[in-house]
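Heads up, the thing below is written out as structure tokens.
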Amino acid sequence: RAKAEGRDCARSFSKGMDQKLLQRRTMEASLRSALANNEFVLHFQPLLTPDTSEICAFEALIRWQHPERGLVPPLDFIPLAEETGLIRNIGDWVLIAACQEARNWPDHVRVAVNVSAVQFQGGTLPASVAKALEESGIAGDRLEIEITESVLMRESLDALDQLHALRALGVRIALDDFGTGYSSLSYLQRFPFDKLKMDRTFVQNLNQTDAMAIVSTIASLGKCLGLATTAEGIETKQQLQCVVEQGFTEVQGFYYGRPIPPGEIQATHFKKSNVMAMEQ
Ligand code: C2E
Ligand code: MG
Ligand code: MG
Ligand code: MG
């Protein structure tokens, strides 16, 4: 009897596994066709320089315009795209689409692109970036690549070479979600960063004990190392005032603007007076 029960159990377990695998395969197939059918879109969220309240960059954030499910957020499909390696092709598309869009903006406005650790595997990222710059015709210094610490931990030697190759193209490197994960200060010495992007959880928790000490330490760390510092996730005037007081050189968040489709980016976004009006 116990044996029979065990068999049933094993059977339903493997049935569950099958279903999971099937779901994954289906999702993988639809991700593949999404790329072929041009179902990915980029939305753009502004980054501002607080002392002038001008937009200095837009961050490209991918969404999947799914025929049935509507607009699917990146966290719902990027992990599978990374597991299956599809992120390489998707990432190449993002680079080209983001640089193409930046052509429509004034020269001083950069475009920031998120790049996953998987895109560093194989060493072809600098070539992909060079291709996107060439096809779009934008200068290398208008592109900012946002990476997370996971890039530095895996195959860190190879990543280092690629980061140097990217910088040789004029491209800037930002360390995204800084302060979470397995931050090691030695990364800051070993890798050629231009910017620290503080994770938004620190801004969210500003009213908690010691949060202010951390925020202010990240700002001065950036300053001492000669790096730009971005505070992301700014939703309120109080949060803005606090990070500006601490010396962050750039701010980003719903307070200034949510990610918007490229068609909604207008000339007024690049005029100082209008950006300041958004502040009130
Ligand atoms: P991230 O690069 O750290 O991007 C910031 C995320 O925070 C975005 O979510 C943005 O919409 C959201 N956000 C911005 N301001 C605020 C705010 O004031 N309050 C709150 N609550 N949230 C805010 P999104 O667009 O869902 O992207 C999530 C993550 O997906 C990104 O985090 C990035 O890691 C990844 N991602 C997005 N686009 C790409 C891409 O093209 N390639 C890769 N590899 N990853 C991407
Ligand atoms: Mg980012
Ligand atoms: Mg971030
Ligand atoms: Mg993130």
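Quick look at the values:
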| read-out | value |
| --- | --- |
| Unsatisfied cross-links (Cα-Cα over 30 Å) in the set LYS131/LYS195; LYS20/LYS197; LYS20/LYS131 | LYS20/LYS197; LYS20/LYS131 |
| Where labels lie 7 Å past Cα in the beta-carbon direction, separation of LYS271 and GLN189 in nm | 5.0 |
| The chain: antiparallel DSSP beta bridges as a percent of all, rounded to 5 | 40 |
| Rounded tilt (10° steps) of 211-225 against the dominant C-alpha axis of the chain | 70 |
| Heavy atoms of HIS66: accessible area, 1.4 Å probe, square angstrom to 10 | 30 |
| Solvent-accessible area per residue for the stretch 133-182 (1.4 angstrom probe, square angstrom) | 44 |
| Span from the the stretch 24-41 Cα centroid across to the the stretch 76-97 one, whole angstrom | 10 |
| Expected 222 nm ellipticity per residue - DSSP helices of 4 or more, -39500 (n - 2.57), all of the chain, to 500 | -14500 deg cm²/dmol |
| FRET E, pair MET27, ARG258, Förster distance 30 Å, beta-carbon r, rounded to 0.05 | 0.65 |
| Taking only Cα atoms of the chain, radius of gyration then Dmax in Å | 21.1, 79 |
| Highest-first arrangement of 171-181, 216-226, where packing means the average Cβ count within 10 Å | 171-181, 216-226 |
| Three-way shape call for the stretch 187-264 based on the alpha-carbon gyration tensor, with the a/c threshold at 1.5 | oblate |
| Kirkwood hydrodynamic radius of the stretch 44-130, Cα pairs, Å | 14.4 |
| Protein-only accessible surface order, largest first, of LEU86, LEU21 at 1.4 Å | LEU21, LEU86 |
| Computed accessible area, VAL251, all protein chains, 1.4 angstrom probe, square angstrom | 0 |
| Pairwise label distance in nanometres, ALA165 with ASP18, each label 7 Å out on the Cα-Cβ vector | 4.5 |
| VAL244 accessible area, assembled protein chains, probe 1.4 Å, Å² | 60 |
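The values are calculated or read from the model by the stated rules, or taken from the named source; none is laboratory data. Please read these numbers as outputs of a predicted model, since none were measured by experiment. Heads up, the Cβs are rebuilt from the backbone with ideal geometry, glycines too, and the neighbour counts pull from every protein chain shown. The accessibility values were calculated without ligands, DNA or RNA, using every heavy atom of the protein model including side chains. Shrake-Rupley method; radii C 1.70, N 1.55, O 1.52, S 1.80 Å.
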